[in-house]
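To start, the structure itself, in structure tokens.
Laboratory data are not the source of any read-out in this text; all were calculated from the coordinates shown. Everything numeric in this text was worked out from a predicted model, so none of it was measured. A quick note on method: Cβ atoms are made from the backbone with ideal geometry, for glycine too, and the neighbour counts reach across all protein chains shown.
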Amino acid sequence: TELTDKCEEDGCAADSGVVEALVEGIGEVVAAASVGQVYKAVLPGYGNVAVKVQRPGIRGLVERDASMLRSLAAWVESIPAIPNSGKGKEKSKTNKRLIQTEVASAVEEFMSRIFEELDYRKEAENAATFRELYGLQSGRTDAVVVPEILKEYCTEHVLVMEWIDGEKLTTNVRDYNGGERDASTVAENLALIKLAIDSTLGQLLVTGVLHADPHAGNLLKVYRNGNGDNGSKRETANDKASSSGSNVQLGYLD
């Protein structure tokens with residue numbers, strides 16, 4: 001399978017038996033993730049996990065796109081300015097470019113960020129930092145549920161994290177059976193949306209470390225029972241922090 005190939009290529013974890021068990025418990029694709037796909041799997045001794053696997057051959061495609069963009073940028077910068085028909089000082093210099101913007105430099109900066117996305121180890125580090133700053137265990141008033149990153153199973157091409165169950169906040173008007181939701185449910189969801197806005201602004205204005213992709217698919221209404229359980233056998237810091245509080249929280253996924 002795709003995951004097996006990537007794990008063999010990267011040396012996914014020290015315990016190959018756990019990796020094999022993870023592969024055996026993997027299901028169908030549940031979401032697309034820019035340069036990868038997300039699967040739901042079961043990790044022995046832990047519980048449900050989300051496994052993001054990079055699409056095969058994606059680096060080659062990005063490198064070809066980068067080459068094309070660099071060539072295009074160089075061509076744009078080579079276009080000379082339109083000569084001024086005036087005389088003397090008013091006459092434009094022929095060595096000026098039509099486009100003064102440093103297009104090639106902008107392309108290089110953009111592509112460097114894209115190539116960073118191809119290394120899931122960096123994404124794992126960033127996600128762990130985000131969880132430390134904004135997870136429920138942080139004690140912040142705008143704290144959110146953030147999945148635990150299982151770094152021992154993360155590689156350049158595979159990312160493994162805690163599975164978070166929930167529903168999209170965009171389903172706050174009608175339920176899954178097509179009926180109208182009650183007013184209390186709508187109010188509850190709107191409160192979570194306000195928390196999402198507060199959290200995003202706090203990320204931008206307070207710490208400077210922010211989630212770069214807060215779209216509707218990454219914001220969930222998360223239900224936790226009295227024991228803090230959300231499908232994982234092992235209790236996480238998110239669970240411990242939420243076990244004595246509300247059973248409904250905002251989930252901020254990656």
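Below are the figures for this structure:
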{"item": "Segment residue 167-residue 71, extension gain: residue separation times 0.36 nm, minus the distance between their alpha carbons", "result": "30.1 nm"}
{"item": "Potential lengthening between residue 205 and residue 78 on full extension [0.36 nm per residue; Cα-Cα distance subtracted]", "result": "41.7 nm"}
{"item": "Cut-off 15 Å between beta-carbons: net charge of the residues surrounding residue 219, Lys and Arg +1, Asp and Glu -1", "result": "-4"}
